[in-house]
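Values quoted throughout were computed directly from the atomic coordinates according to the rules given, and no laboratory measurement underlies them. Owing to the predicted nature of the structure, the values given are computational and were not obtained by experimental measurement. Backbone-built Cβ (ideal geometry, glycine too); neighbour counts: all protein chains shown.
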Amino acid sequence: MNIRTWAKRILIRGFLPVWYRIAARRPVRQKAVFLEVRYPKITDNLRILRRAYRGRKGWLTEDAFLGAGDKGPSCLLRCLRVIWQIADAKLIFVDESSNVLAALPVRNDSRIIQTWHACGAFKRWGCALPGGEEAAEYYRRYDLVTVSAPEVVPKYQESMNQPDGVVVPLGVSRTDRFFSPMYRRRATERVRRKYPQTAGRKIVLYAPTFRGNVARAQNPSLPDLARMAEMLQGDCVILYQSHPAVRQPSPVPAGAENFFLPVSGMTTEDLLCAADLVITDYSSLIFEYSLLNRPMAFYAYDLEEYAEGRGFYYPYESFVPGPVCRNTDELTAAVRAGLSGSWDRDRLASFRETFMSACDGHSTRRIMKYIEENL
């Protein structure tokens, strides 16, 4: 272990807990803190729950940020500021793991609610990975973990090393909007207005996960997009959304300029609402998209390699609710079939019921009621 690693460990396990104890000498307040671990702005479930608590009489809300990309003294100052914010909070909402939060001796009259940033259970993570015992330090104490269905409760218990009763299938807040016809319509209008090339054409959202680790995340290899454009003859346009961890955009291949459009500045929820079909590989957005009852295709050219490195909770090819494609021709055929209405609706319905049964448009209300009555 090098000096830098030792210094980080001493800081997180030694100094920051002491600072928390000092900050926690203040009495707890009726305050909800929304802690964003990875990004410099509040995202997904936290954004929706924050809006709900801002409307509740007597509650103070604050945003806190650990993941701004800074290092050294500025990162330390950020951690100290965040700890000061959460030390007198009644409720602490988070949707990602955090070694800083896990290291703190959180007071008994504060509650930590983990809303997680993904639905369902797809790829193994945390303590469920081979050799993942060390990951337990990222998930030490939660009072509630909200998930999308009873089926995935044991998977989250394993991955987060949580005891019985902490992981509860109350639903996922950000899925509530998919049940609003007005939101779906306006989201589609926003996407089509930003990308006028979609006029008169169906929209295919291509949203793969990254390859490598988060710190050096890369886009996967793409199919032959020029060939796809030629074979699909202008019937659709592909909107390509890289995983948020990927910093280097994918170039547009020659011959696919009006067919393959990298997107930016759009929420995943808006893109899903606008999409007539989704192409992905191992991304958990398939759970949200299943709520819209539309076709999917899976471009899994590196399935064996990916499965060996990461692993899945379920056998991949029988689990995903759509055709698994290994090359450009198979993918093109699956897209054409899906857009023409030829896809397995019963398989998708079974998938949705298994993994998303707690997501019914009322998840946020149910989560808040559970917290009020039980925590």
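Things to note:
- The chain: antiparallel DSSP beta bridges as a percent of all, rounded to 5: 5
- Dipole magnitude of the range 1-80 about its Cα centre (Cβ charges: Lys, Arg +1; Asp, Glu -1), debye to nearest 20: 240
- Estimated 222 nm signal from helices in the chain, with DSSP H stretches of n ≥ 4 weighted -39500 (n - 2.57), rounded to 500: -10000 deg cm²/dmol
- For the range 286-299, 3J(HN,Hα) computed residue by residue from phi via the Karplus equation (6.51, -1.76, 1.60; θ = phi - 60°) reads 4, 5, 4, 5, 4, 5, 8, 6, 10, x, 9, 9, 10, 8 Hz, glycine and proline entered as x.
- The charge dipole of the chain, taken about the Cα centre with unit charges on the Cβ atoms of Lys, Arg (+1) and Asp, Glu (-1), comes to about 2000 debye, rounded to the nearest 20.
- A cut-off under 12 angstrom between Cβ atoms defines the neighbours of P27, and their net charge, with Lys, Arg +1 and Asp, Glu -1, is +4.
- Tilt relative to the chain, helix 363-374 - C-alpha long axis, 0 to 90 degrees, to 10: 20
- Once backbone amide H atoms are built at 1.01 Å from N, F260 has I238 as its partners under 5 Å, excluding neighbours fewer than 5 places away on the same chain.
- Centroid-to-centroid separation of the range 170-198 and the range 289-308 [C-alpha atoms, Å]: 22
- Nonlocal amide H pairs with T209, under 5 Å, H built at 1.01 Å: D281, Y282, S283
- Between helix 44-54 and the chain there is an angle of about 50 degrees, using the helix long axis and the longest principal axis of the Cα atoms.
- Net lengthening on full extension, N108/A136 (0.36 nm per residue, minus Cα-Cα): 8.1 nm
- A straight chain from A215 to Y370 at 0.36 nm per residue would run longer than the Cα-Cα distance by 52.2 nm.
- Percentage relative contact order, the chain, counting C-alpha pairs under 8 Å, at least six apart: 17
- If you take the Cα centroid of the range 341-369 and the Cα centroid of the range 15-93, the two points sit 31 Å apart.
- Against the chain, whose longest principal axis comes from its Cα atoms, helix 328-339 is set at around 90 degrees.
- Cα centre as origin, Lys/Arg/Asp/Glu Cβ charges: the range 176-355 dipole, Debye: 800
- Anisotropy class assigned to the chain is prolate, per the alpha carbon gyration tensor with a/c at or over the 1.5 cut-off and a/b larger than b/c.
- When the charge dipole of the chain is built from unit charges on Cβ atoms (+1 for Lys and Arg, -1 for Asp and Glu) and taken about the Cα centre, the candidate among C79, C127, V153 whose Cα reaches farthest toward its positive end is C79.
- Formal net charge of residues neighbouring C127 (Cβ-Cβ distance under 12 Å; K, R +1; D, E -1): -1
- With R₀ set to 45 Å, the beta-carbon distance separating I22 from H243 gives a calculated FRET efficiency near 0.70.
- Built from the Cα atoms of the range 69-206, the convex hull projects on average onto 12.3 nm², one quarter of its surface area.
- Phi-derived couplings, Karplus 6.51 cos²θ - 1.76 cosθ + 1.60 at θ = phi - 60°, listed residue by residue for the range 183-193: 4, 4, 5, 5, 4, 4, 5, 4, 5, 5, 5 Hz, with x used for Gly and Pro.
- Hits among lysines - C-alpha to C-alpha of K202 under 20 Å, sequence gap 8 or more where chains match: K194
- With the charge dipole of the range 176-355 set up from +1 on Lys and Arg Cβ and -1 on Asp and Glu Cβ about the Cα centre, the Cα lying farthest toward the positive end among the listed residues P251, T188, A207 is that of T188.
- Overall form of the range 138-257 per C-alpha gyration tensor (a/c, 1.5; a/b vs b/c): oblate
- Rounded to 0.05, the FRET efficiency of the L60 and A337 pair, given R0 = 51 Å and the Cβ-Cβ distance, is 0.45.
- Cα gyration tensor, the range 176-355 - rounded (a/c under 1.5), prolate or oblate: rounded
- Antiparallel content of DSSP bridges confined to the range 176-355, in %, to 5: 5
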